[in-house]
Amino acid sequence: MEIDHKIIDVHVHITPLDMVREDVRKVWMSDKYYNDELYTSLVKNPRKLVELLDEWNVEWINLISYVAKEVMGFGYEFVEFVGNYAKEYPDKLRPMMSADPRDQQAVEKLETFRSKYGCSWIKLHPVHQLFKPNAYLKEEGELTPLARIYEWAEGNRIPVTLHTGTSIFPRARIKYGDPLYLDDVATDFPRLKLVIAHGGRPINSWANTCFFLLRRHRNTYLDISGIPPKSLLTLFPRLNEITERVMFGSDWYTLGVESIRKNAEDLYSIGLERAAVRKILHDNAVAIVSPN
């Protein structure tokens, strides 16, 4: 169908496969939608990606980065890659920054990424970085650098996206994807813009937890990346109650995602009101990055 407005995608991956471990690379390349020629060209040339986004009527995207040496194989060099990749197209490609939650210099590194690349959004991936999102609490290990990341993001009004739900990559630890841990984060950092990625998918009880958190905490948001649009109302049958804080993410270019455009079109076909879909596809992302 024809979408008569711009799209914003808050969750896109452009990951050089020479940075990842061999077993991760094999899983990535095994997907039915993986096109080696296209993906290689996108990784090497951001202009190719921008051209594709223009073709799909995409206003801007968040480009994911994070630090997960043990599981994925990449460290801070991946954050640097994403920052450099996006720098020629700052209006179209918005690099996300990240840090190791065990790194005593985590906040200093985030300050550097913000000043060097203009990063204004943080991504943390507990399932690949192997930590509980509430591990800053004394009873959970008192991971002080993690608390400092949240404090810094809260003070600077920078959104933080945290992965919830599963992962099929080797060495990932699914237990860290339980969204219940985010209740502590939302409570202890009430001004933090806390974005719940993937809505706990594909585990129904975790989706229910995410929905509860969104209703309980006004500082929480849902990023629907990784959820096939046609499954969205199965996981979130009361989505219409929270559409003011739901944002579109495709999770492209990763497993099971054909394209940003296809996911956006499918979202219009699931029975939500058109005004609500427009908020999800565009307006809510504009609102979360506003300085207010």
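Please treat every number below as a calculation from the coordinates, not as lab data. Predicted model only: the values in this text are computed from it and were never measured. A quick note on method: Cβ atoms are made from the backbone with ideal geometry, for glycine too, and the neighbour counts reach across all protein chains shown.
What does a probe at GLU258 reach in segment 269-287, counting residues whose amide N is under 18 Å from the point 7 Å along Cα→Cβ?
Output list for this probe position: 269-271.
For the pair GLU77 and ASP188, what calculated FRET efficiency results from E = 1/(1 + (r/R0)^6), where r is the Cβ-Cβ distance and R0 = 22 Å, to the nearest 0.05?
0.10
Calculate the spin-label point distance for LYS175 paired with GLU70, positioning each point 7 Å from the Cα along the beta-carbon direction, and give it in nanometres.
Calculated label separation equals 1.2 nm.
From the square roots a ≥ b ≥ c of the eigenvalues of the alpha-carbon gyration tensor of segment 7-288, which class results: rounded (a/c under 1.5), prolate (a/b over b/c), or oblate?
Judged from the Cα gyration tensor, segment 7-288 comes out rounded (a/c under 1.5).
Considering only the other residues whose Cβ falls under 15 Å of the Cβ of THR243, what net charge follows from Lys and Arg at +1 and Asp and Glu at -1?
In short, +2.
In percent, what relative contact order does segment 7-288 have, based on Cα pairs under 8 Å that are 6 or more apart in sequence?
Contact order relative to length: 18 percent.
Report the label-to-label distance for GLU265 and TYR34 in nanometres (one decimal), using points 7 Å from each Cα along the Cα→Cβ vector.
According to this spin-label approximation, the distance is 2.5 nm.
Could you tell me which of rounded, prolate or oblate describes segment 19-131, using a ≥ b ≥ c as the square roots of the eigenvalues of the alpha-carbon gyration tensor, with rounded for a/c under 1.5 and, failing that, prolate when a/b is larger than b/c and oblate otherwise?
oblate
Say a paramagnetic label sat at a point 7 Å from the Cα of GLU88, along Cα to Cβ; which residues of segment 49-79 have their backbone N under 12 Å from it?
Within reach of a label on GLU88, which here means backbone N under 12 Å from a point 7 Å along Cα→Cβ, segment 49-79 contributes 49-51.
Mind checking the dipole of segment 7-288: about its Cα centre, +1 per Lys or Arg Cβ, -1 per Asp or Glu Cβ, Debye to the nearest 20? It would help to have the intermediate numbers written out before the result.
Values: 37 positive and 38 negative charges, 65 e Å.
Using Cβ point charges on Lys, Arg, Asp and Glu, segment 7-288 gives about 320 debye.
Contour minus end-to-end for SER205 and LYS138, with contour as 0.36 nm per residue of separation and end-to-end as the Cα-Cα distance?
Here the segment from SER205 to LYS138 would lengthen by 21.4 nm.
With a point put 7 Å past each Cα toward its Cβ, work out how far ASN240 is from ARG218 in nm, to one decimal.
Placing both labels 7 Å along Cα→Cβ, they lie 2.4 nm apart.
On a full-extension model of 0.36 nm per residue, what is the gain between ASN156 and LYS48, subtracting their alpha-carbon distance, rounded to one decimal in nm?
Values: separation 108, 0.36 × 108 = 38.88 nm, distance 3.26 nm.
Taking 0.36 nm per residue and subtracting the Cα distance, the gain is 35.6 nm.
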